[in-house]
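Structure first, commentary second.
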Amino acid sequence: MADQVIDRPARRASTGHSAKVAVQRPVWMGRPSAIVVLLKGLALLAVVAIVVFPFMIVISTSLASEEAINAAGGYLIIPQDPSLEAYRTILAGGVVSRAIVVSLGITVVGTAVSLISTVLAAYALSRRGALLQKPLLTLVLLTFLFTPGIIPVYLMVKQLGLLDSYWSLILPGAVSAFNLVIVRGFFIGIPAELMDSARIDGAGEFRVLWQIVIPLSKAVIAVVGMFYAVGYWNSFFNALLYLNDSSKWPLQLVLRTYVLQGTPMGKQASEVGALPPTQALQMAIVVLAILPIACIYPFLQRHFRSGVLTGAVKG
C-alpha cells in the first residue's frame, strides 16, 4: 500500500512530462527570439525604404524649382522652396485634365465589363456537368500557351470598326484567362449544398449567382476588379495602336509623350511663357498617374490574401 502511495507522485510527474511533450510545438511554430524579431523588423524597414525612396524622389522633384534641381544634379529628396507650378502648368491647357477624364472613364467602364464577363464565365465553367464545360475550359487554358500577335489583333479591331474608338481599349482584353481561373477556383470552393437548396426553392441560375455566389465571393471579386482597374489605368500601348485622334488619348499615353518630349502638349507650349523645369513636369505627371491607384489600393489590400490565394489553391 505504501509503495502504491509512493508511486503516485512519480506517475503524476511522468504523466505531466508526457503531456508537456505531447503539446510541445514544432520549431517553426514556436515563438521567435528577440534577435529574429529584430532582424525581421530591419528587413521590413529596408524593403519599405527601397519602395518609398523612389516615390519621395518623384514627389520632391515635382515640387522643386529649376535652381534646386540643377544644384542637386537632376533629382532631389527634399525640395527647397517647394512650388506647385509644374502641376499648374500641366493642368492649365486642358490636355492632361481631359486625359484624366478619359482614363477614368475607360477604367470604370472597362472594369465593369471585365468583371461582369469574368464572373459569368467563371460561374458557368465552375458548374460540374454544364454544357460544353470541359471544352470551353480547355480553350481558356490554351490561351496561357498561345497568345495572338499584335497584327492579328489589330486586323480584328479594324474589321470590327473599332479603330479610333474607346471600345478598342476595352473589348480586346475584356476577359483575362488568369483572372477567370482564379474566380472559377473560388466559385468551386463554395459548398454546392447552398446552391442546391436554392434551386430546390425555385431559384434560377442567375438568382443563385446574384444572391448566393456573389455575396460569398466579394473578396475575390474585389481583387480581380483591382487587377482589371490597374491594367486599364496603366495601359497605353493599345491607345498608341488604335487611337489616331490625340484628343482621345488616355493619361498614360499623354504621360509617355511628356516623358519623351519634356514639354507640354498642344497649345500649352505656346500659351505658357516660362515653363517649369523638364524634370519637374515629368515627375508631376507621374504623380498624377499613380495617385488614383495609390489611393484605392489600401482599401482593397486586405482582400488579396483571402481572394487570390483561396481561388488559386482551390482552382
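Here are some notes:
- Here each label is just a point 7 Å from Cα along the line to Cβ, and for residue 240 and residue 159 those points are 2.6 nm apart.
- 180, 91, 251, 131 arranged by Cβ crowding within 10 Å, fewest neighbours leading: 131, 91, 180, 251
- Sequence-distant contacts, meaning Cα pairs under 8 Å at least 6 residues apart, place the relative contact order of region 29-83 at 29 percent.
- Loop-located chymotrypsin sites (Phe, Trp or Tyr not before Pro) in region 37-99 (DSSP state other than H, G, I, E, B) with a sparse environment of at most 16 neighbouring Cβ atoms within 10 Å: 75.
- Cα convex hull, region 92-314: 150 Å³ per residue, rounded to a whole number.
- Taking other C-beta atoms within 10 Å as the exposure proxy, 278, 111 rank 278, 111 from fewest upward.
- Loop-resident chymotrypsin sites (Phe, Trp or Tyr not before Pro) (DSSP state other than H, G, I, E or B) in region 144-236 with no more than 13 further Cβ atoms inside 10 Å of their Cβ: 144, 146.
A short reminder: the numbers here are calculations on the coordinates, not readings from a lab. Please read all numbers here as calculations on a predicted model, not as lab measurements. Positions of Cβ are backbone-derived with ideal geometry, glycine not excepted, and every protein chain shown enters the neighbour counts.
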